[in-house]
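Trainee: This structure is in structure tokens; I'll ask about it shortly.
The values are calculated or read from the model by the stated rules, or taken from the named source; none is laboratory data. All values reported here derive from a predicted model rather than from experimental measurement. Glycine also receives a Cβ, built like all others from the backbone with ideal geometry; neighbour counts cover every protein chain displayed. Ligands, DNA and RNA are excluded from the accessible area calculation, which covers all protein heavy atoms including side chains. Shrake-Rupley method; radii C 1.70, N 1.55, O 1.52, S 1.80 Å.
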Amino acid sequence: MKTPAFFRNSLLILTLLMLNLSCKKEAKAVAPTGLQLVATVSDDGSGRVDFVATASNADRYLFSFGQGANESIRSADGKAYTIYAESGVYTVKVIAYAGDQSMEVTKQITVDKNEVIDNTGYVSAESYPGMTLVWRDEFNGTALDDKFWNFEEGNGTDGWGNLELQYYRKENTRVRNGYLTITARKESFGGKEYTSSRLTTEAKKDFLYGRIDFRAKLPKGQGIWPAFWALGANIRTTPWPFSGEIDIMEMVGGGAGKDNTVHGTVHYEDGGHKYIGGSTTLTSGDFYDKFHVFSVVWTERSIKWYLDDVQFYTFDTTGANKDEFRRSYFLLINLAVGGNWPGAPNAATVFPQKYVIDYVRVFQ
């Protein structure tokens, strides 16, 4: 018995429809590709960061902002923002989806909140008998004044000669509300695990003799090494230590006996590298707790070191073997991480660490 044409045609159509549905069911979405994440950190101190994620074929995105649990946001257009409550380095993750296919990227961002700085501490005099204020930087602008200051970037040679562990960057320096702040962060950059900043007045401002006052609040912790110092202005033509070095203030952090102690030192050439200096320790608290003023009074016969206008060391610069100290010097401010003196940070070292400077003043 032959099947009527009507039934044969209906059976054919039904079979084609089933095959078509089967093919559609088995088809998979094309996976997203080329995912990129751009983060714009607000510079107004609010902690706001805006994100834009883009990927080919993506139909939705999921952001995680690195602040802990329950802080993910879904976005159809790849745009999102969050406001961070605290300064720090955060790892942000975004996942791009296309159907049941996905890809993800992560990005580290650094947030600096407009933190209120406690100005408690010693304040030095505005004038001294027989001296005139010849130069000052009170850091009252919104950026480091490049008429006076240079950034030195990178890790130098052998970690700036000290086996330091950080990579120096401009981004770790901020000038706001009358303070210069250098922040040391635990973050990977330039092949190093930490970042910080190093500033100099080389070829812009140098000095021969006088009183230098430096008001600052110091960071703390194992491996943390803030310094304010000076190098001979002829160092490019007369190699160190023949050019000389005056360390006005160094602190080698690491707990009791370290976070409360600062050092003053000179380096020079006398039949080989010579160095000598003194130190002073607070009777209570750490240099992290409040501002102090670190000073030297430098004449053609001596260099004297002061903490809050109390002398703690003197060095006799007379004699032909110490002529390095009868030449001009430029200034340096830096916050090192690690090195052959402090050693590396340990599990107890907290990051970020901030080195807050109120002013530098020179009297002659």
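Trainee: Considering every residue within segment 317-327, establish whether at least one is open to solvent by less than 30 Å² (accessible area, probe 1.4 Å) and part of a strand (DSSP E or B).
Mentor: no
Trainee: Would you pick out the residues in segment 70-102 that are closer than 27 Å to GLU193 by Cβ and open to solvent by 40 Å² or more (accessible area, probe 1.4 Å)?
Mentor: Matches in segment 70-102: ALA85, GLU86, VAL89, THR91, LYS93.
Trainee: Here's a follow-up. Of the numbered conditions (1) at pLDDT below 95; (2) among the aliphatic types (A, V, I, L, M); (3) more than 19 Å from LYS354 (Cα to Cα); (4) surrounded by fewer than 17 Cβ atoms within 10 Å (Cβ to Cβ), VAL105 fails exactly one; give the number of that condition.
Mentor: The number of the failed condition is (1).
Trainee: Looking only at residues in segment 333-348 that are buried (at least 19 other Cβ atoms within 10 Å of the Cβ) and farther than 15 Å from GLY161 by Cα, which one is farthest from the chain's Cα centre (by Cα)?
Mentor: Per the criteria, the residue is PRO345.
Trainee: Return the residues of segment 191-214 that are in contact with a helix residue (DSSP H, G or I) (Cβ under 9 Å, 6 or more places away or on another chain) and either among the small types (Gly, Ala, Ser) or part of a loop (DSSP other than H, G, I, E, B) (or both); say none if nothing qualifies.
Mentor: Of everything in segment 191-214, those that are in contact with a helix residue (DSSP H, G or I) (Cβ under 9 Å, 6 or more places away or on another chain) and either among the small types (Gly, Ala, Ser) or part of a loop (DSSP other than H, G, I, E, B) (or both) turn out to be SER196, SER197, LEU208, TYR209.
Trainee: Something else now. For segment 149-178, what are the residues that are in contact (Cβ under 8 Å) with a residue 40 or more places away in the chain, assigned to a strand (DSSP E or B) and crowded, with 20+ Cβ neighbours inside 10 Å?
Mentor: Correct list: GLN166, TYR168, ARG174.
Trainee: Can you tell me which residue is least open to solvent (accessible area, probe 1.4 Å) among those in segment 295-316 that are in contact with an Asp or Glu (Cβ under 8 Å, 6 or more places away or on another chain) and assigned to a strand (DSSP E or B)? Step through it out loud before you land on a result.
Mentor: The initial filter retains those residues of segment 295-316 that are in contact with an Asp or Glu (Cβ under 8 Å, 6 or more places away or on another chain), namely 295, 301-302.
Those left that are additionally assigned to a strand (DSSP E or B): 295, 302.
Details: SER295: 1, SER302: 21 Å².
Restricting to residues being in contact with an Asp or Glu (Cβ under 8 Å, 6 or more places away or on another chain) and assigned to a strand (DSSP E or B), the top hit is SER295.
Trainee: Using the structure shown, decide if GLY45 is in contact with a strand residue (DSSP E or B) (Cβ under 8 Å, 6 or more places away or on another chain), at pLDDT below 90 and open to solvent by less than 40 Å² (accessible area, probe 1.4 Å).
Mentor: yes
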